Amino acid sequence: MIKIDYSVFIQIANFLFLVWILNIVVYKPIRKILHQRAEKIDAYDQRIETCADASVQKDADYNSGLRSARAKGLKEKETFLQDAKEEERAIIEKINARAQAEMAKIKEEIASDAQKVQAELEKEINGFAGSIGEKILGRAVS
């Protein structure tokens, strides 16, 4: 049987003293380390969230910038194409005007050459008519 005497109180005091010493020597440093670790983990979690948010924002900015750059590039391309078409049209008009001027010049030259040849042939027509008449008649025509 168990006897309750003064040794029980000494054992209770000894137990409480041991718990108090263990709390000071072992449990408080361990709880402090666990608390520091939890704070570090929370800080890392916050940093991860911040980085993730920044990453999402940077990705959105990049995509927005890419879209605007593409739109700007397409506008510039259209402008260049329009300028090129206008320049092409101007060059073709110049070439056509030059070709028409040359064509008119050539027609004038041909007309003047034709008039010269006609004038020369008219001078020689009497001689040709006489020679043709001689050949047809077989005798000299006066």
- Message: Looking at segment 31-87 only, could you name the residues that are more than 38 Å from the chain's Cα centre (by Cα) and of a type outside the set (A, V, I, L, M, F, W, C)?
- Response: R31, K32, H35, Q36, R37, E39, K40, D42, Y44, D45
- Message: Name the residue that is nearest to the chain's Cα centre (by Cα), counting only residues in segment 4-30 that are surrounded by 10 or more Cβ atoms within 10 Å (Cβ to Cβ) and aromatic (F, W, Y).
- Response: Y27
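Here are I41, I10, I30, I24: which of them is part of a helix (DSSP H, G or I) and modelled with pLDDT of 95 or more?
Working: I10 fails: modelled with pLDDT of 95 or more; I30 fails: modelled with pLDDT of 95 or more; I24 fails: modelled with pLDDT of 95 or more.
Matching residue, one of I41, I10, I30, I24: I41.
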- Item | A140 modelled with pLDDT of 90 or more and small (G, A, S) | no
- Message: Among the numbered criteria (1) assigned to a helix (DSSP H, G or I); (2) modelled with pLDDT under 95; (3) β-branched (V, I, T), which one does I4 miss?
- Response: (1)
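The values are calculated or read from the model by the stated rules, or taken from the named source; none is laboratory data. Being a predicted model, the structure only gives us computed values, none of them experimental. Virtual Cβ from ideal backbone geometry, glycine too; neighbours counted across all protein chains shown.
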